[in-house]
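Have a look at the structure below, then the notes.
The values are calculated or read from the model by the stated rules, or taken from the named source; none is laboratory data. Bear in mind the structure is a predicted one, so any value in this text is a computation, not a measurement. Here the Cβ positions follow ideal geometry from the backbone for every residue, glycine too, while neighbour counts run over all protein chains shown.
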Ligand code: AKB
């Protein structure tokens with residue numbers, strides 16, 4: 001990776017991946033793009049407004065900047081996807097298809113995030129294997145499985161260096177996620193600091209995999225830098241870091257804020273999605289093939305999140 005183009009850079013992952021990649025590969029070598037202007041992304045390096053659904057404009061950016069690696073971060077998440085499945089398919093699939101086609105024409109590598117949402121109710125719930133039955137029941141999951149297959153197809157047929165990770169819910173403190181089923185695990189920290197209480201839309205006892213953003217960012221670079229001869233899989237790798245229920249996360253916050261209160265107002269769409277996803281993934285292939293190892297757990301993440309969110313909200317108040 002010498003010259004990188006990120007499409008959909010303004011979202012939860014992109015807003016932190018851009019500075020992370022710039023710190024490793026150099027500011028001028030990471031071109032951030034999004035469908036709209038994004039505060040902050042133009043401060044330290046190149047930024048362009050680019051609609052990933054327009055392949056001509058994407059190809060032009062790749063050619064102009066001499067890009068060798070495309071990160072396609074464009075996505076409508078699981079819960080919001082259920083409100084408009086046609087739009088979710090259009091955005092999720094066509095941004096990926098354009099990235100792969102432009103990569104084929106301009107000889108680029110491609111990274112695309114997949115998700116625990118690629119699994120469904122018929123997948124094994126506990127220690128969900130890397131290779132197993134995948135019959136998701138959300139449009140988001142259907143896009144993710146199709147995207148995995150399509151990315152493998154581009155690798156097998158055209159030799160494109162496609163790689164991907166099945167991300168758990170990503171917990172971060174810079175940009176809020178929008179429209180996911182795992183969003184509660186980010187919102188809870190903001191509401192704990194703001195109001196000392198949180199109303200959760202996901203049932204109290206549903207386990208889902210989660211990962212803290214610093215681990216997620218590191219996993220992306222480690223996979224993209226991995227020796228291709230060691231990769232038996234490509235699209236997409238299970239990674240695991242921590243798995244908990246809303247009750248467990250609330251108890252963790254209460255250890256630091258004893259008066260924190262949690263109540264529940266269940267969203268039936270999120271409930272059904274959460275119930276269809278794994279409790280915990282088996283990430284042994286990622287560990288064996290490219291050395292994946294998480295560094296954060298629920299306790300260290302909660303310390304860091306509460307401090308970072310408190311600081312952020314304090315600064316915003318001024
Ligand atoms: C979502 O909840 O939709 C995402 C995901 C797990 O892919 N955070």
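Remarks
- Of the residues 246, 294, the single one that is buried (at least 17 other Cβ atoms within 10 Å of the Cβ) and under 19 Å from the mean Cα position of the chain (by Cα) is 294.
- Scanning segment 275-292 for residues that are under 21 Å from residue 181 (Cα atoms), in contact with a strand residue (DSSP E or B) (Cβ under 7 Å, 6 or more places away or on another chain) and not in a loop (DSSP other than H, G, I, E, B) yields 280, 281.
- Unique residue being within 16 Å of the ligand (Cβ to nearest atom), in a helix (DSSP H, G or I) and at pLDDT 95 or above when the list is 170, 220: 220
- For segment 174-201, filtered to residues that are buried (at least 21 other Cβ atoms within 10 Å of the Cβ) and assigned to a loop (DSSP other than H, G, I, E, B), the residue that is farthest from the ligand (Cβ to nearest atom) is 183.
Here is a yes/no grid of residues against (1) under 21 Å from residue 130 (Cα atoms); (2) within 15 Å of the ligand (Cβ to nearest atom); (3) at pLDDT 95 or above:
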site: 231; (1), (2), (3): yes, no, yes
site: 237; (1), (2), (3): yes, yes, yes
site: 240; (1), (2), (3): yes, yes, yes
site: 268; (1), (2), (3): no, no, yes
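- The set of residues in segment 293-302 being out of contact with any strand residue (DSSP E or B) (no Cβ under 6 Å at 6 or more places or on another chain) and in a helix (DSSP H, G or I) consists of 299, 300, 302.
- Flag if residue 164 is within 16 Å of the ligand (Cβ to nearest atom) and assigned to a strand (DSSP E or B): yes
- Residue in segment 247-256 that is away from the ligand (no atom under 12 Å from the Cβ) and in a loop (DSSP other than H, G, I, E, B) present: no
- Subset of segment 204-215 that is assigned to a loop (DSSP other than H, G, I, E, B) and in contact with a strand residue (DSSP E or B) (Cβ under 7 Å, 6 or more places away or on another chain) - its residue that is surrounded by the most Cβ atoms within 10 Å (Cβ to Cβ): 207
- Matching option when the condition is surrounded by fewer than 22 Cβ atoms within 10 Å (Cβ to Cβ), at positive phi and either touching a strand residue (DSSP E or B) at 6+ places or on another chain (Cβ under 7 Å) or in contact (Cβ under 8 Å) with a residue 24 or more places away in the chain (or both), among 66, 29: 66
- Every residue from segment 138-161 that is in a loop (DSSP other than H, G, I, E, B) and either within 15 Å of the ligand (Cβ to nearest atom) or crowded, with 17+ Cβ neighbours inside 10 Å (or both): 138, 160, 161
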